[in-house]
Amino acid sequence: MPIATIEWQNRKVKIIDQTKLPLRLVHIYCEDLRTLREAIFSLKVRGAPALGIAGAFGVVLGTQNSSATDFPSFRRELEEAIDYLSSSRPTAVDLFWALKRMRNCAEKNKHQEIPQIKKALQEEALQIMEEDKTRSRQMAKKGASLLKNGDRILTHCNAGALVTADYGTALGVIYRAKEEGKKVTVWADETRPLLQGARLTTWELLQAGVEVTLICDNMAGDLMQRGKVDKVLVGADRVAGNGDVANKIGTYTLAVLAKENEIPFYVVCPISSIDLEIPSGKMIPIEQRNSQEITEFGRKRVAPRGVKVYNPAFDITPARYVTGIITEKGILRPPYKETLKELGP
Ligand code: MRU
């Protein structure tokens, strides 16, 4: 169920403004680095792989009008753009992975004329987007092999077509299973505080003709206890070298509940979400977000003024709760310290 989440059109980045969904399907056109960074920060474009693609195009926007005539000056502007984009959201490693690729591309081409370097950067960003489409399909195919006809899947946040240039991660597996003729139904966690599940996952699944039932986050345990969940499928913002997984806040709770109820818990993510430089989930930086996301509901204040708020966007699920990590190269099983290393760079 591909949705054109992010596109490169006439030297602009065209994205679906995900903050407006599901009520309105609105596109925005980012012509400059500042607008694109704001779109990332405010979650107009979101989800790990999409952040990588957006970051790559951000580098293109930040350098395409450069008037530098030599590589050292161009490099200074490039590094400024990379630093600026790096400061947008800290957890999803895909963003940093893509920025590194863009830097390497410029360095590889440093002996070319500046217009050629700019062209190479644009081609690299387009390449990152194309690769994302392919690996999305590969993950979906591998993951769908685990699903049985009649499976009831619980998912959290939104890990669908809106987080990639194509099929999605966790939801991609479901789309593929459907295409293979399996009847799969979905429980979608609403995903407080920003409701990516209620707003985005249900929107996507309904369009794709997948039966979906929306639940509040605190209903997942009850459903599992009643035997109504066969598998949990989630995405990841970053997987550490030991298999610990950073994903949307609430994922850890689900993983513990799944283990208690003997339900397989799968993480679906591309290899670009795996960070072998970080040996443990404890070292993954967790984004803290504005307190208004919790003190307000639908722009209406629901909590007393002056109350203290704790609002981390992500949590860490220790590797021992993860049944398998579905990547484009295959399904990894514990011990992750070994199986992740075998994937190579
Ligand atoms: O804050 P968000 O909406 O960007 O968080 C997104 C998630 O937590 C997704 O589950 C994650 O990026 C994996 S989807 C590939």
Note to self: Need the list of lysines near Lys308 for cross-linking: C-alpha distance under 19 angstrom, and skip anything on the same chain fewer than eight residues off.
What the structure shows: Lys300
Checklist line | Convex hull (Cα only) mean projected area of region 41-168, reported in nm² to one decimal | finding: 8.6
Check: For region 251-260, in order, what is each residue's ³J(HN,Hα) by Karplus, 6.51 cos²θ - 1.76 cosθ + 1.60 with θ = phi - 60°, in whole Hz (x at glycine and Pro)?
Finding: 5, 4, 4, 5, 5, 5, 4, 5, 5, 4
Check: For region 101-243, what number results from the quotient of the Cα radius of gyration and 2.2 N^0.38 Å?
Finding: 1.29
Margin query: What aspartates and glutamates does Lys12 reach when the alpha-carbon gap must be under 12 Å and sequence neighbours fewer than 8 apart in one chain are set aside?
Written below: Glu31, Asp32
Next item on the list: Find the lysine pairs in region 70-209 meeting two conditions, Cα atoms under 24 Å apart and a separation of 8 or more places or different chains, and report how many there are.
Entry: 24
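With a 10 Å Cβ neighbour count serving as the proxy for reagent exposure, in which order, fewest first, do Val210, Val309 appear? The partial results should precede the final answer.
Numbers: Val210 23, Val309 14.
In increasing order of surrounding Cβ atoms, one gets Val309, Val210.
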Next item on the list: Output the relative contact order of region 147-343, whole-number percent, from Cα pairs under 8 angstrom with separation of 6+ residues.
Entry: 20
Next item on the list: Check cross-link reach from Lys14 to the lysines: straight Cα distance under 16 Å, and skip same-chain residues fewer than eight apart.
Entry: Lys44
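All of the numbers you see were taken from the coordinates with simple rules; none came from a lab. The structure presented is a predicted model; accordingly, all values stated were derived computationally and were not measured. Note that each Cβ is placed from the backbone with ideal geometry, even for glycine, and that neighbours are counted across all protein chains shown.
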